[in-house]
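Written below as structure tokens is the structure these notes are about.
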Amino acid sequence: MPGMEKLWQKYRDQGFTVVAISNDEGSSKRVETFSRLLNLSFPILLDPEGEVNDLYKISSMPTSFLIDGNGRIISRFVGSKEWSSAEAVQLVETFLSDN
């Protein structure tokens, strides 16, 4: 998630948005503490009922999506991904240049 934060900070002024979804059944305080510990500034939404998991057919955590401005899924990544890598930066830059 720190890699996602770096991408968010670098590209948010270009229309890139990062939103995390937590399906923890705990309170929002738990998510706030986690976010504060990792210095995350992008929004983290709560989905304790798993509605987002059902909607996007998520079977493994973490799962990440690149979604365009029209709501279409451009890419799906299952498992951990190093979002601060050169490959991830190139992916985001390509995505932004196409939109």
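The values are calculated or read from the model by the stated rules, or taken from the named source; none is laboratory data. The model shown is predicted, which means the values in this text are computed figures rather than measured ones. Methodologically, a virtual Cβ is constructed for each residue, glycine included, from the backbone with ideal geometry; neighbour enumeration extends over all protein chains shown.
Within the range 40-51, is there a residue that is in contact with a strand residue (DSSP E or B) (Cβ under 9 Å, 6 or more places away or on another chain), outside any helix (DSSP H, G or I) and hydroxyl-bearing (Ser, Thr, Tyr)?
First, pick out the residues of the range 40-51 that are in contact with a strand residue (DSSP E or B) (Cβ under 9 Å, 6 or more places away or on another chain): 40, 42-48.
From what is left, the residues that are outside any helix (DSSP H, G or I) are 40, 42-48.
Add one more test, that the residue is hydroxyl-bearing (Ser, Thr, Tyr), and what stays is none.
Checked the range 40-51: no residue is in contact with a strand residue (DSSP E or B) (Cβ under 9 Å, 6 or more places away or on another chain), outside any helix (DSSP H, G or I) and hydroxyl-bearing (Ser, Thr, Tyr).
Taking the criterion of being surrounded by 12 or more Cβ atoms within 10 Å (Cβ to Cβ) and hydrophobic (A, V, I, L, M, F, W, C), the residues of the range 3-37 that qualify are Met4, Leu7, Trp8, Phe16, Val18, Val19, Ala20, Ile21, Val31, Phe34. If you go through the range 74-93 and keep only what is at pLDDT 90 or above, surrounded by fewer than 12 Cβ atoms within 10 Å (Cβ to Cβ) and farther than 26 Å from Ser27 by Cα, you end up with Glu82, Ser85, Ala86, Glu87, Gln90. Among the residues of the range 21-39, those that are within 23 Å of Glu82 (Cα to Cα) and assigned to a loop (DSSP other than H, G, I, E, B) comprise Asn23, Asp24, Leu38, Asn39.
Check the range 5-20 and report whether any residue there is over 15 Å from the mean Cα position of the chain (by Cα) and outside any loop (DSSP other than H, G, I, E, B). Give the derivation first.
So in the range 5-20, the residues over 15 Å from the mean Cα position of the chain (by Cα) come out as 13-14.
Now restrict to residues that are outside any loop (DSSP other than H, G, I, E, B): 13-14.
Checking the range 5-20: at least one residue is over 15 Å from the mean Cα position of the chain (by Cα) and outside any loop (DSSP other than H, G, I, E, B).
The residue pairs whose first member lies in the range 47-61 and is more than 19 Å from Arg30 (Cβ to Cβ), whose second member is surrounded by 10 or more Cβ atoms within 10 Å (Cβ to Cβ), and whose beta carbons are closer than 6 Å, counting only pairs six or more residues apart or on different chains, are Ser60/Val78. Annotation: Glu82 fulfils all but one of (1) of a type in the set (D, E, K, R); (2) in contact with a strand residue (DSSP E or B) (Cβ under 7 Å, 6 or more places away or on another chain); (3) touching a residue at least 40 places away in the same chain (Cβ under 8 Å); the unmet one is (2). Residues that are touching a Leu at 6+ places or on another chain (Cβ under 7 Å) and outside any strand (DSSP E or B) within the range 66-87 comprise just one, Trp83.
Looking only at the range 62-79, which residues are touching a residue at least 12 places away in the same chain (Cβ under 8 Å) and small (Gly, Ala, Ser)? Those that are touching a residue at least 12 places away in the same chain (Cβ under 8 Å) and small (Gly, Ala, Ser): Ser64, Gly69, Ser75, Gly79.
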